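Read through the structure below, which is laid out as structure tokens, and then see the notes.
The values are calculated or read from the model by the stated rules, or taken from the named source; none is laboratory data. Predicted model only: the values in this text are computed from it and were never measured. Don't worry about glycine lacking a Cβ; one is built from the backbone with ideal geometry, like all the others, and counts go over all protein chains shown.
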Amino acid sequence: MRIISAQPHDVSQLLDFRSEAADWLSRLGTDQWQLPYPAGKLLETIEGGTVFMVLDGAATVATVTVTPEAEAGLWTEQELSEPSMFINKLSVARTYAGQNIGGRLLDWAGDRAYRVGAKWLRLDAWTTNKDLQAYYLRQRFEYVRTVLEGTAINGGPRVSGWLAQRPTRPIEHGFVDETLEPERLGDV
């Protein structure tokens, strides 16, 4: 399997991919990702070079966003002063579930973060999705805190404020990485 950077023509495919994940999450009884994700916002992140796809042949089997920018209102000023990379929108096709693709993708993101000079790989997860939180803890993330104050993009209460982090490190992830070498944090 190989990792590539998403391209603008991948928007509809990635929106369909997210819709599949939202349907699965709904069947599990969580309201996570039930609002459609704005295509324009996805296109912005793709054009920013922060969206990645795992391919098995021609099939997209997973996606993740890895960015140096944190969502506003989640991390303290002290935490934001530490070099970090943030992951979000990680999802794996249900046909590839149970093969540790997500765990390997987290390792890839941690390795990539290490190569850019980040100390931490950080994330925020749905506050009510206990299974997802347990998954991240099994993936060696340490719980930091839960942030409930603030509002979500749609004006409602914050729903993705369970914060966790793990130190970055070089690690073998088993993917063929076809992405461009990332710029180090602080480079212009």
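Among residues of region 1-33 being under 17 Å from the mean Cα position of the chain (by Cα) and modelled with pLDDT under 70, the one that is nearest to residue 129 (Cα to Cα) is 32.
Criterion first (closer than 26 Å to residue 147 by Cβ, in contact with a Phe, Trp or Tyr (Cβ under 9 Å, 6 or more places away or on another chain), charged (D, E, K, R) and touching a residue at least 12 places away in the same chain (Cβ under 8 Å)) does residue 122 satisfy it? So residue 122 fits the description; yes.
What are the residue pairs meeting all of these: first residue in region 88-103, first residue under 12 Å from residue 59 (Cα atoms), second residue surrounded by fewer than 18 Cβ atoms within 10 Å (Cβ to Cβ), Cβ atoms under 8 Å, and 6 or more apart or on different chains? So the pair list comes out as 93/20; 93/59; 96/56. Residue 181 meets each of the listed conditions (1) over 16 Å from the mean Cα position of the chain (by Cα); (2) farther than 23 Å from residue 55 by Cβ; (3) surrounded by fewer than 16 Cβ atoms within 10 Å (Cβ to Cβ) apart from (2). Looking at residue 109, is it more than 16 Å from the chain's Cα centre (by Cα), without any contact (Cβ under 8 Å) to a residue 60 or more places away in the chain and under 24 Å from residue 1 (Cα atoms)? No. Checking region 61-71 against the condition returns a match, with at least one residue being within 26 Å of residue 16 (Cβ to Cβ) and over 13 Å from the mean Cα position of the chain (by Cα). Here region 89-113 is the region considered, the condition is being surrounded by fewer than 18 Cβ atoms within 10 Å (Cβ to Cβ) and not basic (Lys, Arg), and the residue that is nearest to residue 179 (Cα to Cα) is 103.
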